[in-house]
Amino acid sequence: MSGEFVPHPPELRMSDADRERVTERLHVAFGEGRLTQEEFEQRLNGVLSARVFSQIEPLVADLPGTAPPAPELSQLRTTAASLKRRGPWVVARRIQVTAKAGSVKLDFTEALIAHRVVEVELDVLAGSTTLVLPRGASVDIENVEFIAGNSHVRSVPTLPVPGDGLHFVVRGKQRGGGLTVRHQRRLWGWHW
């Protein structure tokens, strides 16, 4: 399974309470007729035997509102390579990004986000960082220290949006590279 679709590190251990929450979601899906008896039993056995979050994601990914429980913290690291997250990946409340001589692109448009406020802590050296936020989300980058770098916030509100809108708080250091925060771009069916 690709690391793009799981909490990072993907081998984060699940608690009994995590398994119980996912089991409850499977019961609801079965009760709504979204799963056959055979599918329900297979998925339930998979959840009960799962040790880590990455093992349960394929069991609930096609069910509405059934994201695996999000971890409190995820740590993303790269050295001399690009780091990307896109599609339906599980977002922790706090994300620590450490990158040296590599680009970072976190696309939150299809991500499974359980928290209204997501904190992103940057420690990026000689690389670029791009955050692609869902429509209606806002961002605060006031606590990012730029050293020989720059920032671009493109058409994203910088104050929390009233109501239930997502808010991203970015802090840390961006050295020798740029930080770009934007929405997903679309052109004739293409998304980037």
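Here are the numbers for the structure shown:
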item: Segment Arg34-Asp123, length gained on full extension (0.36 nm per residue, minus Cα span); result: 27.8 nm
item: Leu48/Leu73 FRET efficiency (R0 30 Å; Cβ-Cβ; nearest 0.05); result: 0.70
item: Table column - 3J(HN,Hα) (Hz), segment 30-39, Karplus curve with 6.51, -1.76, 1.60, x for Gly and Pro; result: 5, x, 7, x, 7, 10, 6, 4, 5, 4
item: Top of Ala92, Ala81, Ala70 by mean-square fluctuation, Gaussian network on the chain, Cα under 10 Å; result: Ala81
item: Of all accessible heavy-atom area on the chain, the percent that carbon and sulfur account for (1.4 Å); result: 51
item: Net length gained if the chain between Ala61 and Gln184 were fully extended (0.36 nm per residue, minus Cα distance); result: 42.1 nm
item: GluC sites (Glu not before Pro), loop per DSSP, at most 16 other Cβ atoms within 10 Å - longest free stretch of the chain; result: 111-192
item: Compactness relative to 2.2 N^0.38 Å, alpha carbon Rg of segment 86-192; result: 1.02
item: Fluctuation leader among Gln37, Gln55, Gln96 - the chain, Gaussian network, Cα springs under 10 angstrom; result: Gln37
item: Kirkwood hydrodynamic radius of the chain, from inverse mean 1/r over distinct Cα pairs, in Å; result: 17.7
item: Distance (nanometres) between label positions extended 7 Å along Cα→Cβ at Asp16 and Glu145; result: 4.5
item: Backbone HN-Hα couplings from phi across segment 167-182 [Karplus 6.51/-1.76/1.60, Hz, Gly and Pro as x]; result: 10, 10, 10, 10, 9, x, 10, 10, 10, x, x, x, 10, 10, 10, 7
item: Length-normalised contact order of segment 79-192 in % [C-alpha pairs under 8 Å, at least 6 apart]; result: 27
item: Sequence-distant residues sharing a close amide H with Ala61 (under 5 Å, placed H); result: none
item: Summed residue charge, Cβ within 13 Å of His115's Cβ, Lys/Arg positive, Asp/Glu negative; result: 0
item: For the chain: relative contact order, % (alpha-carbon pairs under 8 angstrom, 6 or more apart); result: 17
item: Reduced Cα scattering model of segment 89-148, Debye log10 I(q)/I(0), q = 0.14, 0.20, 0.21, 0.29 Å⁻¹; result: -0.41, -0.84, -0.92, -1.48
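The values are calculated or read from the model by the stated rules, or taken from the named source; none is laboratory data. Everything numeric in this text was worked out from a predicted model, so none of it was measured. Positions of Cβ are backbone-derived with ideal geometry, glycine not excepted, and every protein chain shown enters the neighbour counts. In case anyone asks, the SASA skips ligands and DNA or RNA and just uses the protein heavy atoms, side chains included. Shrake-Rupley method; radii C 1.70, N 1.55, O 1.52, S 1.80 Å.
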